[in-house]
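As structure tokens, the structure follows; a few thoughts come after it.
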Amino acid sequence: MYHFDADCRTIANPPLKAILESHFPMTSTSAVRRVSIIDSHTAGEPTRLVLNGGPDLGSSPLADRRERFRRDHDEFRTAVVNEPRGSDVIVGALLCEPFDTRCTTGVIFFNNVGYLGMCGHGTIGVVASLAHVGRVTPGRHWIETPVGVVSTTLHPSGEVTVENVPSFRLASSVPVEVPGHGALCGDVAWGGNWFYLVENHGKELSLANVDELTEFTWAIRQALEAHGIAGSNGAEIDHIELFGPSRNSAADSVNFVLCPGKAYDRSPCGTGTSAKMACLYAEGKLAPGQVWRQAGILGTVFEGRIRVEDERIIPSITGTAYVTAESTLLLDANDPFCMGIPR
Ligand code: PYC
């Protein structure tokens with residue numbers, strides 16, 4: 001039996017309780033926590049936005065609140081995104097009161113194994129979901145994340161542009177010996193999360209090859225860790241990104257991105273596209289304002305650009321999200337998997 005905080009313990013609305021109980025029979029002693037969510041996908045990658053029913057994380061800056069989430073409420077993360085309610089692919093987004101008063105909202109992103117810094121596809125999903133429930137209209141909206149404030153623009157077409165946190169290449173052509181695969185070279189870059197970006201890998205980047213790509217990129221990630229190759233201040237590089245030539249003129253490149261919990265990104269990955277553009281800029285291959293079209297493994301495309309401000313690269317990506325469900329998660333304390341199946 002799980003114990004819930006007093007503020008989200010039971011179903012308060014009697015008619016709703018009756019309807020729910022006819023669908024979900026409960027014992028008289030069961031405590032059910034209700035969590036309102038909106039599901040969407042951005043270029044194929046799902047986002048689950050928690051509107052209500054999340055933990056109270058206080059009112060400090062979002063980086064602190066993410067630590068409090070991790071330390072005191074990690075079961076809420078697994079309840080929302082892990083099986084049986086979710087899957088390894090879902091990225092959760094907890095809506096929070098912003099600390100920075102310029103912002104419309106704050107958001108903390110999480111997945112099947114932990115917490116993200118920023119999330120590009122997720123931010124597009126959050127804005128589309130907030131528009132769906134009437135909380136934002138077309139125009140510019142600032143959103144606070146644990147790694148900084150991002151600016152978003154909801155276009156009248158429904159497309160969303162996210163101007164990300166400043167991104168940069170930390171190191172170029174970093175060699176690593178990957179057991180079973182030999183020597184590889186890649187760049188280490190920050191795009192709101194840490195990435196190792198590999199160009200010359202000899203793999204076919206196609207959906208049919210996803211199992212091999214997953215095994216390969218997982219081996220790269222483990223090799224980076226084993227050799228102490230990390231981001232700034234020893235931060236773990238938890239996203240691996242492979243690039244290949246585009247098969248059509250709709251994109252400049254195709255990628256395959258392995259996310260921290262071993263699921264691959266169905267979208268072209270907003271933070272990964274930001275990291276890529278930072279590397280291209282560092283190599284003199286992308287000029288401010290020039291468009292970079294990044295396709296993901298499903299063939300969906302994010303349109304990217306950079307601008308340079310005070311020698312910092314500010315990437316933006318544009319994409320579209322579709323709302324797929326508005327629902328309420330029921331966390332029944334009598335359910336042995338109430339807080340998700342641990343991984
Ligand atoms: O779009 O930035 C992104 C992202 C990170 C992990 C999954 N998607």
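Hey, Ile90 hits all of (1) under 16 Å from the mean Cα position of the chain (by Cα); (2) away from the ligand (no atom under 14 Å from the Cβ); (3) open to solvent by 10 Å² or more (accessible area, probe 1.4 Å) but one; which does it fall short on? If we test Ile90 against (1) under 16 Å from the mean Cα position of the chain (by Cα); (2) away from the ligand (no atom under 14 Å from the Cβ); (3) open to solvent by 10 Å² or more (accessible area, probe 1.4 Å), just (2) comes out false.
Residue check: is Pro61 open to solvent by 20 Å² or more (accessible area, probe 1.4 Å) and either within 15 Å of the ligand (Cβ to nearest atom) or within 14 Å of Ser129 (Cα to Cα) (or both)? In short, no.
Could you list, in sequence order, all residues of the stretch 97-121 that are in contact (Cβ under 8 Å) with a residue 40 or more places away in the chain, more than 16 Å from the ligand (Cβ to nearest atom) and either open to solvent by 30 Å² or more (accessible area, probe 1.4 Å) or assigned to a loop (DSSP other than H, G, I, E, B) (or both)? Correct list: Pro98, Phe99, Asp100, Arg102, Cys103. Scanning the stretch 166-212 for residues that are more than 16 Å from the ligand (Cβ to nearest atom), of a type in the set (Ser, Thr, Tyr) and closer than 13 Å to Ile240 by Cβ yields nothing. Only residues that are open to solvent by less than 50 Å² (accessible area, probe 1.4 Å) and closer than 14 Å to Ile124 by Cα were counted in the stretch 301-322, giving 8. Hey, could you check the stretch 235-294 for residues that are more than 9 Å from the ligand (Cβ to nearest atom), in a strand (DSSP E or B) and among the β-branched types (Val, Ile, Thr) and say which is surrounded by the most Cβ atoms within 10 Å (Cβ to Cβ)? Here the residue is Ile240. Residues in the stretch 122-134 that are in a loop (DSSP other than H, G, I, E, B) and either within 13 Å of the ligand (Cβ to nearest atom) or touching a residue at least 12 places away in the same chain (Cβ under 8 Å) (or both): Val133 alone. All of Phe168, Phe195 fail the test of being modelled with pLDDT of 95 or more, aromatic (Phe, Trp, Tyr) and under 30 Å from Gly139 (Cβ atoms), apart from Phe168.
Within the stretch 182-199, does at least one residue satisfy the condition of being closer than 20 Å to His41 by Cβ and either open to solvent by 10 Å² or more (accessible area, probe 1.4 Å) or touching a residue at least 60 places away in the same chain (Cβ under 8 Å) (or both)? Within the stretch 182-199, one or more residues are closer than 20 Å to His41 by Cβ and either open to solvent by 10 Å² or more (accessible area, probe 1.4 Å) or touching a residue at least 60 places away in the same chain (Cβ under 8 Å) (or both).
The values are calculated or read from the model by the stated rules, or taken from the named source; none is laboratory data. Predicted model, so just to flag it, every value in this text is computed and none were measured. Don't worry about glycine lacking a Cβ; one is built from the backbone with ideal geometry, like all the others, and counts go over all protein chains shown. Areas reflect the complete protein model, heavy atoms only, side chains present, ligands, DNA and RNA absent. Shrake-Rupley method; radii C 1.70, N 1.55, O 1.52, S 1.80 Å.
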